[in-house]
Amino acid sequence: MTTRIGVRAIIWDLDGALVDTMPDIVDALRAAARAVGYGELSDEQTKNKVGGGARKAFAAVFGESGRAFVAPAVEHFRDYYPEHCAEQSRLYPGVRDVLEHFHGKVSVGLATAKIRPATVKLLETLGVIDYFDCIVTADDMQRMKPDPQSIELVLARFGVEPGAAVMVGDMPTDIRAGKAAGTHTVGVTYGYGQTSALRESDPDALVDSPGELLEVIHCA
């Protein structure tokens, strides 16, 4: 691994990059589907539904024929998920060490499509919220990744030029959003994105574990 990226700010995606949130999200999707009268969701329906926000997930789950279920399911999810978001979710091994390494050395931000109440509870429960200098959630933006709005909001808060920042995420949408915002980009292959798709999105670097970020990113 030869890529070395010097930065003054690191912007993380949450699901699949910092935290394995899949079990709690799937449980919340199932609970919402039952609550609105859709019934039980199959494993296939809940597969690969992390990322992009609840509305996008339910639209994919229910399909065109079930679009009337989307709005009430999103409403139920917003009530249910924050109460249950940290029951099974865990930091990926090595993430805490990376956050500790950069704490106080660079500005650290979060750009996630997760709603704020769930984001805050999850980070507080896992004991890492104090590592973040800025948290941008679905409640702060009108346009989701790959639109760069969430990243631009973090950059504006930090007063950092895009070229002095790096976006770290597990999905091609994270990489495309970072590129659109003008930041460096690092794709992580240990999350929910497919490695082949991540590679095709052409990040500046790919890493297979959180610890490898320490070899790629350094303080400018």
So the check is Cβ under 9 Å with 6+ separation or different chains; which pairs have a first residue in the range 42-66 that's under 21 Å from ASP170 (Cβ atoms) and a second one that's among the basic types (Lys, Arg) and open to solvent by less than 20 Å² (accessible area, probe 1.4 Å)? GLY53/LYS114; ALA54/LYS114
Count of the range 102-141 residues which are touching a Cys at 6+ places or on another chain (Cβ under 7 Å) and not in a strand (DSSP E or B): 4
Based on this model, can you work out whether GLU87 counts as modelled with pLDDT of 95 or more, charged (D, E, K, R) and in a helix (DSSP H, G or I)? no
Could you tell me whether VAL166 is open to solvent by less than 60 Å² (accessible area, probe 1.4 Å), modelled with pLDDT of 95 or more and not in a loop (DSSP other than H, G, I, E, B)? yes
Could you check, for the range 142-149, whether at least one of its residues is open to solvent by less than 80 Å² (accessible area, probe 1.4 Å), polar (S, T, N, Q) and within 23 Å of ASP24 (Cα to Cα)? no
In the range 1-28, anything within 21 Å of PRO72 (Cα to Cα) and either among the β-branched types (Val, Ile, Thr) or at pLDDT below 95 (or both) is listed as ILE25, VAL26
Would you check which residues across the range 173-210 are open to solvent by 40 Å² or more (accessible area, probe 1.4 Å), touching a residue at least 40 places away in the same chain (Cβ under 8 Å) and more than 22 Å from MET22 (Cβ to Cβ) and list them? HIS184, ASP204
Every residue from the range 2-55 that is open to solvent by 40 Å² or more (accessible area, probe 1.4 Å) and part of a strand (DSSP E or B): ASP20
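The values are calculated or read from the model by the stated rules, or taken from the named source; none is laboratory data. As the structure is a prediction and not an experimental result, all values here were calculated from the model. All Cβ positions, glycine included, derive from the backbone under ideal geometry; neighbour counts span all protein chains shown. Accessible surface areas use protein heavy atoms only, side chains included; no ligands, DNA or RNA. Shrake-Rupley method; radii C 1.70, N 1.55, O 1.52, S 1.80 Å.
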